[in-house]
């Protein structure tokens, strides 16, 4: 699993408070057509970083986005 930092646009204009609606990867904008699934990791666990995952469908394919609450940063998961 590799992470590639991306810029994410969210509903309501806040990049970390709402559902993602689009992301920019390598200079290309990917509009999210559907959030297929979402899950959370590390919440309410001492010493763990809160991570939010979104499996999304765009017209260019299916991607998994990850939001890292500690660093206020989004990434797309690539590779296997």
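The values are calculated or read from the model by the stated rules, or taken from the named source; none is laboratory data. The model shown is predicted, which means the values in this text are computed figures rather than measured ones. Methodologically, a virtual Cβ is constructed for each residue, glycine included, from the backbone with ideal geometry; neighbour enumeration extends over all protein chains shown.
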Quick one: in the stretch 4-15, of everything that is surrounded by 15 or more Cβ atoms within 10 Å (Cβ to Cβ) and touching a residue at least 24 places away in the same chain (Cβ under 8 Å), which residue is farthest from the chain's Cα centre (by Cα)? 15
Out of curiosity, is residue 49 closer than 11 Å to residue 67 by Cα and touching a residue at least 60 places away in the same chain (Cβ under 8 Å)? no
Please work out if residue 55 is modelled with pLDDT of 90 or more and more than 13 Å from the chain's Cα centre (by Cα). no
Does any residue of the stretch 27-47 turn out to be under 18 Å from residue 77 (Cβ atoms), out of contact with any strand residue (DSSP E or B) (no Cβ under 7 Å at 6 or more places or on another chain) and part of a loop (DSSP other than H, G, I, E, B)? no
List the residue pairs whose Cβ atoms are under 8 Å apart, where the first residue sits in the stretch 16-44 and is at positive phi and free of Cβ contacts under 8 Å to residues at least 40 places away in the same chain, the second is part of a loop (DSSP other than H, G, I, E, B) and surrounded by fewer than 12 Cβ atoms within 10 Å (Cβ to Cβ), and the two are 6 or more positions apart or on different chains. 42/48
Could you please let me know if residue 77 is surrounded by 10 or more Cβ atoms within 10 Å (Cβ to Cβ), assigned to a strand (DSSP E or B) and in contact with a helix residue (DSSP H, G or I) (Cβ under 8 Å, 6 or more places away or on another chain)? no
Collect the residues in the stretch 48-57 that are more than 12 Å from residue 8 (Cβ to Cβ) and assigned to a strand (DSSP E or B), keeping them in residue-number order. 51, 53, 55, 57
